[in-house]
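Right, one structure below, let's go through it.
The values are calculated or read from the model by the stated rules, or taken from the named source; none is laboratory data. Quick caveat, the model's predicted, so the values are computed rather than measured. When we count neighbours, we look across all protein chains shown, and the Cβ atoms used for this are built from the backbone with ideal geometry, even at glycine. Side chains included, ligands, DNA and RNA excluded: accessible areas come from the protein's heavy atoms. Shrake-Rupley method; radii C 1.70, N 1.55, O 1.52, S 1.80 Å.
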Amino acid sequence: MKKVKRKTSAKKEVAVEKRIKTGIPGLDEVMAGGFENNSVNLVSGGAGTGKSIFAMQFIVNGIKEFNEPGVFVTFEEEKEKIQKHMLKMGWDLKKLEAEKKLVVIQYTPEQVKKMMDEGGGEVELEISKIKAKRVVIDSLTAFSLLFKEGLARREALLDLFKIIGRWGCTALLVGEHESDVERHQSRDVEFEVDGIILLYYLRKGDTRNRALEILKLRGSKHSTRIFPMKITDNGIKIYPDEAVF
Ligand SMILES: Nc1ncnc2c1ncn2[C@@H]1O[C@H](COP(=O)(O)OP(=O)(O)OP(=O)(O)O)[C@@H](O)[C@H]1O
Ligand SMILES: [Mg+2]
């Protein structure tokens with residue numbers, strides 16, 4: 001009798017979930033390999049905690065290390081200023097744009113409204129043009145301020161999430177929060193996103209220390225520690241084996 005080859009459990013394919021690596025030194029290893037593919041995530045912190053640098057590093061690493069083009073939408077800083085500041089980190093945004101791997105879009109509040117009304121508009125167009133896999137919106141605070149009333153704000157956020165969901169990208173939204181670890185309170189948006197990274201600039205005596213916390217990462221086993229972080233001339237670095245204080 002002919003032997004029928006059975007698929008044994010040893011042969012069973014283990015689905016390896018694709019993670020979207022931040023490429024930020026020290027970080028992916030403590031966040032189960034990176035963000036979930038096609039997820040919507042938030043990086044939040046007080047003023048000057050490094051949110052924009054973090055977000056741009058996510059985009060630039062995507063391009064340079066993982067061949068994933070990216071779109072960076074800024075509602076706050078001028079494009080020229082971003083280019084100038086990021087060049088100090090060694091990231092030549094103009095060059096990446098010329099190579100059609102990056103698009104930086106600077107939006108005024110009016111243009112944001114237009115984008116929402118058009119259900120994605122220019123952003124969606126640019127994403128498909130360069131086949132972007134990563135998208136950043138810096139920041140949600142500027143976006144939310146367009147909507148005075150709480151309910152309208154929440155509805156606009158949900159609309160934005162719906163639009164982002166159609167882009168087929170892994171999204172990183174920049175938010176703001178109280179920089180005191182103890183006083184952190186979840187806002188509406190935090191319940192909607194798949195992942196949350198908090199950046200801190202903690203005072204101890206006469207100095208401040210930067211720190212990073214993975215507050216949430218849906219469906220992933222991630223570290224619960226708060227890690228020391230540094231901003232260097234090459235961008236952000238996390239020190240998973242060291243303590244903040
Ligand atoms: N080369 C560098 N080395 C060390 N620290 C730097 C360097 N460049 C910038 N920084 C730090 O990064 C901070 C700015 O980072 P970033 O613009 O990402 O902050 P942010 O959280 O986006 O701020 P904002 O709330 O104003 O948008 C500066 O205030 C400075 O402390
Ligand atoms: Mg910023």
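Under a 5 Å amide H to amide H cut-off, with H placed in plane at 1.01 Å, what residues pair with L173 once short-range neighbours are removed?
N41, L42, V43, I137
If we count every other residue with Cβ under 14 angstrom of K113's Cβ, Lys/Arg +1 and Asp/Glu -1, where does the sum land?
-3
Between E17 and D206, what FRET efficiency follows from the Cβ-Cβ distance if R0 is 45 Å, with the result rounded to 0.05?
Once the sixth-power term is evaluated, E becomes 0.50.
State whether the range 45-180 is rounded, prolate or oblate according to the following rule on the C-alpha gyration tensor (a ≥ b ≥ c being the square roots of its eigenvalues): a/c under 1.5 gives rounded; otherwise a/b larger than b/c gives prolate, and the remaining case gives oblate.
Because a/c hits 1.5 or more and a/b fails to exceed b/c, the range 45-180 counts as oblate.
With 32 Å as the limit, write out which pairs from K162/K216; K18/K148; K51/K114; K100/K148 have Cα-Cα distances beyond it, or answer none.
K18/K148; K100/K148
What residues qualify as long-range amide H neighbours of L27, i.e. H under 5 Å apart, gap of 5 or more or another chain, H built at 1.01 Å from N?
It is I238, by chain and number.
Tell me, in nm to one decimal, what length is gained between H222 and N37 on full extension, where the rule is 0.36 nm per residue of separation less the Cα-Cα distance?
65.0 nm
Just tell me, in residue order, which DSSP H segments of the chain are both 30 angstrom or longer along the helix axis (alpha-carbon based) and at least 1.6 in mean Kyte-Doolittle hydropathy.
For the chain, where a helix must reach 30 Å along its axis and average at least 1.6, there are no hits.
Within the accessible area of the chain, what % is carbon and sulfur when the probe is 1.4 Å and the other protein chains stay in place?
Working: 6750 of 13550 Å².
Carbon and sulfur atoms account for 50 percent of the accessible area of the chain.
Bin width 5 Å, origin at 0, all Cα-Cα pairs of the chain: what percent of pairs per bin?
With a bin width of 5 Å, the distribution comes to 1, 6, 13, 18, 19, 16, 11, 6, 3, 2, 2, 1, 1, 1, 0, 0, 0.
Would you mind computing, in nm to one decimal, how far apart the modelled labels at A243 and E99 are, each placed 7 Å from Cα along Cα→Cβ?
Here the answer is 4.2 nm between the modelled labels.
I need the fraction of alpha carbon pairs in the range 132-236 separated by more than 17 Å, rounded to a whole percent.
62
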